[in-house]
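Nothing in this text is a laboratory measurement; each read-out follows from the coordinates by a stated rule. Remember, it's a predicted structure, so these values are computed and weren't measured experimentally. Note that we place each Cβ from the backbone using ideal geometry, even for glycine, and neighbour counts take in every protein chain shown.
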Amino acid sequence: MQVDPSVVTAIAELAQLQLEEEDLQENIDSMSNILALVDQMQSVDTSAIEPMANPLDAVQTLRPDEVTEPDRREAFQSIAPATEAGFYLVPKVIE
Amino acid sequence: MEWEAVIGLEIHVQLDTRSKIFSGASTKFGAEPNSQACPVDLGLPGVLPVVNAEVFKKAVAFGLGIGAEIGYRSVFDRKNYFYPDLPKGYQITQLQFPIVLGGQVEIALPDGTAKTIGVTRAHLEEDAGKSVHEDFHGMSGIDLNRAGTPLLEVVSEPDMRSAEEAVAYAKYIHQLVCYLDVSDGEMSQGSMRCDANVSIRPKGQTTLGTRTETKNVNSFRFLQRAINFEIARQIDVLEAGDSVLQDTLLYDPALDQTRPMRSKETATDYRYFPEPDLLPVVIDAAYVESIRSQLPELPHAKVSRFTAQYGLSKVDATILAAERPLADYFEQAAEICGDATLTANWVRVELTGQLNRENLAITESAVSAVQLGQLLLRIKDETISGKIAKDVFDAIWQGQGSADEIIAAKGLQQITNTVAIGPIVDEIIANNPKQVEQFRAGREKVLGFFIGQVMQATEGKANPKQVNEIVREKLKQ
């Protein structure tokens, strides 16, 4: 896959990463290298292999439906930048 | 040109569990902001999600309820996006391997016919928190109590052709999840939220038009209005020679219109990938069968049985089977009094009327099914008339005791004794010679006057049928 500047810029935007103009080429190069490696791996025939969702060969243990967490709002909010009336405050997110 | 609407719904059903899908925090509605948000829900570093077993039980029950295939191996994925009410920066959901695959439901259309709506899939995911934009002097307030609440997202096929069909489908899903105890179904608390995908095309065309998605509609009424608005809007756009933009919209009930959610949005790309913090969840056939064996009778089956077993009309059966507690109430009362038709009428008219007046749910009724059954039994065996029974019903409602206690205490037993009724009738005939003359001249209607007088004289306790016979007989003499 050809990595052009617009791909890197779009991914940076989706990830909310600020990418400086001078770092663009380096990112294009390293992303291209990663994809080249992926291409190489894709040349292996895996048609008989079941896709893996997790590297561990195990299945999820489920927990019973019980409330085990007490209200520790005060402790959690003591490390938040801004709170009010029990809410966490963030810069306004609506237009 | 004649247009046809094509509608698909994504319904988010909040599962009725005590704790969250990936944490042991409470899901109780209406708590103080952030008092039910633990480190997992807050997305604090170093925490790991642990899956709640109950959400799988409920999802499987739903899947069986719509005749779906169950995903024996289901996998969680990350859906990545940034919003303050999603502190982790991703939502844990299921993309490729959901718990419920396929399935279908049958809806009743207003013209009495049935239509089958396909369900594409249903997957488990976590809810996000809630943002409050007022009252925080230019900031937004975030409440994460809802973050991590288990949701089952039910995705339909684009099988609906009108807002009415979409609402009928949504109502059926609502009824089903309540029947199965999958959800509490409290629409006002956000327990069911719909996204409507709407497109239009010239009637007869098989390819689909460009669709819009109207998000987060939380009532059936708004769903109907939002879809109708969107259909009309798209027709206007196309007839004006423009094209519909694939857009995400919000429905504003106050203005009764839809509007784009975000004005300038880069194409959404959620960059899904398998959730590395969770292993695949594997269930087996024995597990599925144990849930199947505990499934309650489903709405359609109950309606069929009510018509067959009790001889109820389809309308009565449908109303009584609308909610499981109501259906159970009806059956319990009918069994005691032995008259299903009588019980159906009383439940539909007297009981439902009283519940509506006091704004109560069937589960909060002041008259229990046993109490109603015992009351109706006394109509059945002619101890009291249907009219007196209404007074007794009110007395039971007010907590004055059982039907028998109230009938005894107030002396409400019907007078069925001919000897007792005879003299009363004689007196009334003697006092109303004019009416007697009219009756004898052939005015049958006057009979009602005499019966009314006797009922009044006996404070409604005489058996109307018997009074009718006695009055008739005596007038002919």
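List of remarks:
- Taking trypsin sites (Lys or Arg not before Pro) as exposed when their DSSP state is a loop state and no more than 11 other Cβ atoms lie within 10 Å, the longest site-free interval of chain B runs over B:1-202.
- Across region B:4-11, rounded Karplus estimates of 3J(HN,Hα) from the backbone phi angles (6.51 cos²θ - 1.76 cosθ + 1.60, θ = phi - 60°) give 10, 8, 10, 10, x, 10, 10, 10 Hz, Gly and Pro being marked x.
- Relative to its residue count, chain B spans a Cα convex hull of 232 Å³ per residue.
- Here is how the number arises for chain B: DSSP H runs of 4 or more residues each give -39500 (n - 2.57), the sum is divided by the residue count, and the result at 222 nm is -12000 deg cm²/dmol.
- Annotation: amide H-H contacts under 5 Å for A:Lys92 (H modelled 1.01 Å from N, sequence separation of 5 or more, or interchain): B:Ser140.
- Amide hydrogen neighbours beyond the local backbone of B:Val100, cut-off 5 Å, H modeled: B:Gly71, B:Ala122
- Eligible aspartates and glutamates near B:Lys215 by straight Cα distance, threshold 15 Å, same-chain separation 8 or greater: B:Glu10, B:Asp127, B:Glu153, B:Asp195, B:Glu230, B:Asp247, B:Asp252, B:Asp256
- Neighbourhood net charge (11 Å Cβ-Cβ; Lys/Arg +1, Asp/Glu -1) for B:Thr120: -3
- Taking the DSSP beta bridges with both ends in region B:168-310, the antiparallel portion is around 75 percent.
- Computed [θ] at 222 nm, helices only, for chain A once each DSSP H run of length n ≥ 4 contributes -39500 (n - 2.57): -11000 deg cm²/dmol
- Sequence-ordered 3J(HN,Hα) estimates for region B:177-187 from the Karplus curve with 6.51, -1.76 and 1.60 and θ = phi - 60° stand at 5, 6, 4, 7, 6, 6, 9, 7, x, 6, 4 Hz, glycine and proline given as x.
- Restricting region B:71-156 to GluC sites (Glu not before Pro) in coil, as DSSP defines it, with at most 16 other Cβ within 10 Å: B:Glu134
- Vicinal HN-Hα couplings computed from phi for region B:64-79 (Karplus, 6.51 cos²θ - 1.76 cosθ + 1.60; Hz; Gly/Pro x): 5, x, 10, x, 8, 8, 9, x, 5, 10, 10, 10, 8, 10, 9, 10
- Loop-resident sites, region B:263-336, for GluC sites (Glu not before Pro), counting at most 12 other Cβ within 10 Å (DSSP): B:Glu265
- Among A:Gln40, A:Gln77, A:Gln18: highest mean-square fluctuation, GNM of chain A, C-alpha pairs under 10 Å: A:Gln77
- Within the shell of other residues whose beta carbon sits under 9 angstrom from the beta carbon of B:Leu250, the net charge comes to +1, with Lys and Arg scored +1 and Asp and Glu -1.
- Cross-link pairs beyond the 21 Å C-alpha cut-off, checked among B:Lys171/B:Lys390; B:Lys58/B:Lys88; B:Lys20/B:Lys57; B:Lys28/B:Lys57; B:Lys20/B:Lys58; B:Lys171/B:Lys314: B:Lys171/B:Lys390; B:Lys58/B:Lys88
- With neighbours defined as other Cβ atoms within 10 Å of a residue's Cβ, the residues B:Tyr272, B:Tyr90 order from fewest to most as B:Tyr272, B:Tyr90.
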